[in-house]
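K.L.:
Attaching a single structure in structure tokens format; questions to follow.
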Amino acid sequence: MPPQDDQWFDEGVCALGDRWVLRVLHEARGGVARFNDFTDRLGVSRNVLAARLVHLVGWGLLTKREYQRDGLRCRYEYRLTARGEAALAVLDEIRRWSTAERPTFQGSDRQLTIIGLSRET
């Protein structure tokens, strides 16, 4: 059997497979655009946010635009691109999946029992 081309999967996980990446995209969809607004809304450290914004701009999911207010130094705002909007479909599916009827969990950290299924961890 020939090997499968999993490059699409690896690229998708690389682009979207981080908690903060998805959270930034979610906030951007809601209209958050400025660095300080992202930090306030997400509670993320400034260095983590800065790295994720560079990542999202690099993948073409956000654009970075300069703005200046009241003679202060130039700052940047971040807006979703069409590619970023399309990526939000993944986030929507994650939301649908995670809010669907959930199994009842019982047990400790060492054993997880899901009604009718048992698996040692």
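K.L.:
Which of (1) surrounded by 17 or more Cβ atoms within 10 Å (Cβ to Cβ); (2) closer than 15 Å to residue 77 by Cα; (3) within 13 Å of the chain's Cα centre (by Cα) does residue 32 not meet, given it meets every other one?
P.N.:
(3)
K.L.:
Sticking with this structure for a sec: Hey, can you tell me all the residues within the range 54-107 that are among the acidic types (Asp, Glu) and closer than 15 Å to residue 22 by Cβ?
P.N.:
If the condition is that a residue be among the acidic types (Asp, Glu) and closer than 15 Å to residue 22 by Cβ, then 85, 92, 93 are the ones that fit.
K.L.:
Please specify each residue of the range 13-54 satisfying the condition of being under 18 Å from residue 89 (Cβ atoms) and touching a helix residue (DSSP H, G or I) at 6+ places or on another chain (Cβ under 8 Å).
P.N.:
Hits for the range 13-54 are 15, 16, 18, 21, 22, 23, 24, 25, 26, 27, 28, 29.
K.L.:
Also: Scan the range 74-94 for residues that are more than 15 Å from residue 56 (Cα to Cα) and over 12 Å from the mean Cα position of the chain (by Cα) and jot them down.
P.N.:
74, 75, 93
K.L.:
Cβ-Cβ under 7 Å, sequence separation 6+ or interchain: first residue in the range 1-22 and on the phi > 0 side of the Ramachandran plot and polar (S, T, N, Q), partner part of a helix (DSSP H, G or I) and at pLDDT 85 or above. Which pairs?
P.N.:
As it stands, the answer is none, since no pair meets every condition given.
K.L.:
Collect the residues in the range 37-49 that are surrounded by 11 or more Cβ atoms within 10 Å (Cβ to Cβ) and in a helix (DSSP H, G or I), keeping them in residue-number order.
P.N.:
Of everything in the range 37-49, those that are surrounded by 11 or more Cβ atoms within 10 Å (Cβ to Cβ) and in a helix (DSSP H, G or I) turn out to be 37, 38, 39, 40, 41, 42, 46, 48, 49.
K.L.:
Follow-up question, since we're still on this one. Considering only residues that are in a helix (DSSP H, G or I) and surrounded by fewer than 16 Cβ atoms within 10 Å (Cβ to Cβ), which ones fall in the range 1-25?
P.N.:
In the first step, residues of the range 1-25 are kept if they are in a helix (DSSP H, G or I); the result is 7-16, 19-25.
If the condition is that a residue be in a helix (DSSP H, G or I) and surrounded by fewer than 16 Cβ atoms within 10 Å (Cβ to Cβ), then 7, 8, 9, 10, 11, 12, 13, 14, 19 are the ones that fit.
K.L.:
For residue 66, only one of the following conditions fails: (1) in a strand (DSSP E or B); (2) surrounded by fewer than 10 Cβ atoms within 10 Å (Cβ to Cβ); (3) at pLDDT 95 or above. What is its number?
P.N.:
Every condition holds for residue 66 apart from (3).
The values are calculated or read from the model by the stated rules, or taken from the named source; none is laboratory data. For clarity, every value in this text was computed on a predicted model and none was experimentally measured. As a convention, Cβ positions derive from the backbone with ideal geometry for all residues, glycine included, and neighbour counts pool all protein chains shown.
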